[in-house]
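To keep things clear, I will list the structure first and then write my remarks on it.
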Amino acid sequence: MCSKLDLATLRVRKDVNELAKGKFVCAHATTQIEFPDGVDNLLRILISISVGDIDSPYANGDFQFQFDIPRTYPFHGMAFLRPPRPVLPHIVWHPNIDIHSGQVMFSILGKDWRPVLSINTILLGLQ
């Protein structure tokens, strides 16, 4: 039987593989994934989104998000669910980003989180 850590790692691998295969594609942005702790820790991810030359205040911008994924991903017990929490290392004005902390503020990162959602769902929202 797998431990919760094993399940979290397996799910992260699945999410990253789907992203690499282009299943979640956005025409105006490209995404890069890094594992700063190496392959021994897939629960800490740096994701860079580069926005193309479009008619947007974010055009030609590069944005990095740090995902610290809980060992209980995609579940957090019976009563509480806790999704990965992306944080920008620098401050950007965006209606879904807290100007003081850089914390991404999507409803799916809180009360609306469901285990069927994934890292890719969050990335699509950010793009």
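The values are calculated or read from the model by the stated rules, or taken from the named source; none is laboratory data. Fair warning: this is a prediction, and the values are worked out from it, not measured in the lab. Using ideal geometry, Cβ is built from the backbone for each residue, glycine included, and neighbour counts are taken over all protein chains shown.
Pairs only if they're at least six apart or on different chains, beta carbon under 9 angstrom, first in the stretch 95-111 and under 15 Å from I122 (Cα atoms) and part of a loop (DSSP other than H, G, I, E, B), second modelled with pLDDT of 75 or more and among the small types (G, A, S); list them, first residue then second.
N96/G125; F106/G125
Tell me which residues, restricted to the stretch 21-50, are free of Cβ contacts under 8 Å to residues at least 12 places away in the same chain and in contact with a strand residue (DSSP E or B) (Cβ under 8 Å, 6 or more places away or on another chain).
Passing the criteria: F35, P36, D37.
Within the stretch 78-85, can one find any residue that is modelled with pLDDT under 65 and outside any loop (DSSP other than H, G, I, E, B)? First the steps, then the outcome.
So the first thing to find is which residues in the stretch 78-85 are modelled with pLDDT under 65, and the list is 78-85.
Then keep just the ones that are outside any loop (DSSP other than H, G, I, E, B); that gives 85.
Yes, because at least one residue in the stretch 78-85 is modelled with pLDDT under 65 and outside any loop (DSSP other than H, G, I, E, B).
So which of V104, V39, V116 ends up being closer than 23 Å to T9 by Cβ, exposed (fewer than 11 other Cβ atoms within 10 Å of the Cβ), modelled with pLDDT of 75 or more and touching a Pro at 6+ places or on another chain (Cβ under 9 Å)? So that I can check it myself, show each step before the final result.
Values: V104 fails: exposed (fewer than 11 other Cβ atoms within 10 Å of the Cβ); V39 fails: touching a Pro at 6+ places or on another chain (Cβ under 9 Å).
Exactly one of V104, V39, V116 is closer than 23 Å to T9 by Cβ, exposed (fewer than 11 other Cβ atoms within 10 Å of the Cβ), modelled with pLDDT of 75 or more and touching a Pro at 6+ places or on another chain (Cβ under 9 Å), namely V116.
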